[in-house]
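**Q** Below: one structure in C-alpha cells.
Coordinate-derived values only; no laboratory data. Nothing here was measured: the structure is a model prediction, and the numbers come from that model. Cβ sites come from the backbone with ideal geometry, for glycine too, and all protein chains shown count toward neighbours.
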Amino acid sequence: MFPEIFVKKHLVWSKPGELVFDPFSGRGTTVFESLLNDRRAIGCDTNPVAVCVSRAKSTAPKLSEILPRIAELRDLDDANYAPAQSSSEFFQLCFHPDTLRQVEHLRRNLSWKDDRADCFIAAVALGCLHGESHRSPRYFSNRMPRTISTKPEYFIRWWKARGCLPRCLPSREWPPCDHGYAGTGAGPRAPFLAALARPKAGARRCRAV
C-alpha cells in the first residue's frame, strides 16, 4: 500500500480530467487520491476484499444512508438469532460463537457489490475483523500477535500458550457505528470503476463490480 504523499507526487505525470489506472489497487489509495485531484480512475484487483475497500473509500455514502441500514441489519439479526457453530479449531479460538454468528450474518446480508452503504459497512467490518483486541475493543477477534501472514496453526499455538480466549461482542454494538465518520457525502467528483480481475486462459480479464 502506497502512502498518500507517494501517490500525490506521481500524479504530476497526469493532468486533471485524465484517466489513472491502478492494476493492483489494494486498499484503493491511488484511485482515491486520483479522484480527489480531479482525475478519472480505474482500479482492479484479484482480491474481492481489496475491491470492497477501494469502492468504500471512493464512493463513501452519507451518514444518513449508513445509520438506517445498520438499524435494519440489527433488527434482522435479532429476528434470526442462532449461535454459530464451527468445526474449525481456528475459528473456535479466533471468534466467540456469538461474534462469529454476527460476522456470518453480515456476510449473508450485505450486498457490497450493489449498494454503497452496504459496501461501506462491509469495509469497516473487514477493518475490525481481527487485530490487537487487548488494545482496542473495536476488534472482533481474539488477540492477534503482531506478525504478518502466518498460518492458522501458528495462531492456535499462540493463543493456547497464552491462554487467550475470544470475547463476546454485545449485539447492541453490532455492526460497529461508533467510529468517527468523516464522510460528507460529497467525496470525489470524478467517476470511479472498481473491477475484480480474474486469471483465465493465461490472461487477466476484468469484470466490473
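**Q** Long-range amide H contacts for T46: which residues qualify at under 5 Å (H placed 1.01 Å from N, peptide plane, sequence gap of 5 or more or a different chain)?
**A** Here the answer is A197, since their amide H atoms fall under 5 Å of that of T46.
**Q** Please check which bits of the stretch 34-53 a label hung off F24 would reach, taking the label as a point 7 Å along Cα-to-C-beta and the cut-off as backbone N under 17 Å.
**A** Within reach of a label on F24: 43-51.
**Q** Now a separate question. If each of I148 and I5 carries a label point 7 Å out from its Cα toward its Cβ, how far apart are those two points in nm?
**A** Between I148 and I5, the label points sit 2.0 nm apart.
**Q** Taking the highest mean first, how do the peptides 98-104, 134-140, 21-27 order by number of other beta carbon atoms within 10 angstrom per residue?
**A** Ranking, from highest mean packing down: 98-104, 21-27, 134-140.
**Q** Please find the FRET efficiency linking D115 to S86, where r is the Cβ-Cβ separation and R0 is fixed at 25 Å, and quote it to the nearest 0.05.
**A** Efficiency at R0 = 25 Å is approximately 0.35.
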